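Here's the structure we're looking at; comments come further down.
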Amino acid sequence: MRVRSSSIFSAVLLVLCTGFFGPALAHELQPSSFELRQLTPDRYEVIWRAPIYFKKPHPAKLQLPAHWQTVAEPTVRQLSDSALHRRVVSVPDGDIDGGVIRFIGLETTITDVFARFVWLDGSQTTAMARPSQPWIEITAQRSAWQVAGDYTVLGVEHILSGFDHLTFVLALLLLVRGARRLLITVTAFTVAHSITLAAATLGVMWVPGPPVEATIALSILFLASELMKVNHGKISMTAQYPWVVAFAFGLLHGFGFAGALSDVGLPQNEVPLALLMFNVGVELGQLLFIAAVMALFTLLRKIRTEWPALAHQLPAYGIGGIAAFWFIERVSRF
């Protein structure tokens, strides 16, 4: 028995799971973070997290203004996915406004650097360095438009490098039939993770990160089992009520988004705006992914190639396999 070309989805999924969704590639897409925290009127702590870049130390080098003096031996802590650089600097008169932080070599990478400045009174400002502009000029106050742009970009980058979240969305796309049902399902997922993202970021709710990440992997494994039921002609709760399942698991995925946002923090004077635009960025990235997958599916349907019947089951096995790997890997970190 053979199936029509629609089962070519399985071949695409295998490429995604073994290549694009591989754990190693996640490091290459992770943004770097930089924090300058004022300790005294003239002393600042410098923290720079440089992600692993294609299994090697990140090629960018931090360059501070020449008149800043390091007052303690810089330290480097090697983490599983990055190197954490710390130092304390003394600035004459404590005036850093207008100073330029450079990331030499960033222009040769695909890494952005999200920067946060924390002042002695507790106020915060943010900025972004990109390969096209590998430097940041320190300003005491950034406009609302600049904050909105930074956090929108951060949201897009997070979802597009969040392979577990994208795998979950991909499983929904394979399960849900009909444009209207798909729209309702995606909307339910969006509303749910927006709720928990806001609640966790604002401190209303808190859930430990490692269990959340492991449970997200389990949610993907559940969808893989549901896809197998559908392929065998059995009754599937997700196929019948996809918006209910999407909403329930969306609440869980929102905590995962919040964990990423907590790493960079929110500017104290623009919390609602930054939170909103991060969420908007997540949704824009998610919509870009859905549009790309749907366009690819449409293109593949036009190919008149026949595939073996076994190929029809490969998407479920591919999703389930990668989700099981993620679950075991994440539980081992507890």
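The values are calculated or read from the model by the stated rules, or taken from the named source; none is laboratory data. In this text, all values refer to a predicted model and were calculated from it rather than measured experimentally. Neighbour counts run over all protein chains shown; Cβ positions are idealised from the backbone, glycine included.
For the range 219-237, name all the residues that are surrounded by fewer than 16 Cβ atoms within 10 Å (Cβ to Cβ) and either among the hydrophobic types (A, V, I, L, M, F, W, C) or not assigned by TED's automatic domain parsing to the domain that holds residue 189 (or both).
235, 237
Provide a single number: the residues in the range 92-135 that are surrounded by 15 or more Cβ atoms within 10 Å (Cβ to Cβ), of a type in the set (S, T, N, Q) and assigned to a loop (DSSP other than H, G, I, E, B).
Of the residues in the range 92-135, 2 are surrounded by 15 or more Cβ atoms within 10 Å (Cβ to Cβ), of a type in the set (S, T, N, Q) and assigned to a loop (DSSP other than H, G, I, E, B).
Condition check ((1) in the same structural domain as residue 138 (by TED's automatic domain parsing); (2) closer than 28 Å to residue 270 by Cα; (3) touching a residue at least 40 places away in the same chain (Cβ under 8 Å)) across all residues:
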site	(1), (2), (3)
78	yes, no, no
90	yes, no, yes
97	yes, yes, yes
103	yes, yes, yes
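Taking only the range 55-76 into account, find how many residues are in contact (Cβ under 8 Å) with a residue 24 or more places away in the chain, farther than 20 Å from residue 132 by Cα and among the hydrophobic types (A, V, I, L, M, F, W, C).
2
Report, by residue number, each residue of the range 120-148 that is in contact (Cβ under 8 Å) with a residue 12 or more places away in the chain and either charged (D, E, K, R) or within 30 Å of residue 249 (Cα to Cα) (or both).
130, 137, 142, 147, 148
Return the residues of the range 38-54 that are surrounded by fewer than 19 Cβ atoms within 10 Å (Cβ to Cβ) and not in a strand (DSSP E or B); say none if nothing qualifies.
Hits for the range 38-54 are 41, 42, 54.
Within the range 193-209, does at least one residue satisfy the condition of being under 23 Å from residue 326 (Cα atoms), at pLDDT 90 or above and either surrounded by fewer than 20 Cβ atoms within 10 Å (Cβ to Cβ) or in contact with a Ser or Thr (Cβ under 7 Å, 6 or more places away or on another chain) (or both)?
no
Is it true that some residue in the range 55-65 is assigned to a loop (DSSP other than H, G, I, E, B), closer than 21 Å to residue 325 by Cα and either at pLDDT 85 or above or outside the structural domain of residue 325 (by TED's automatic domain parsing) (or both)?
There is at least one residue in the range 55-65 that is assigned to a loop (DSSP other than H, G, I, E, B), closer than 21 Å to residue 325 by Cα and either at pLDDT 85 or above or outside the structural domain of residue 325 (by TED's automatic domain parsing) (or both).
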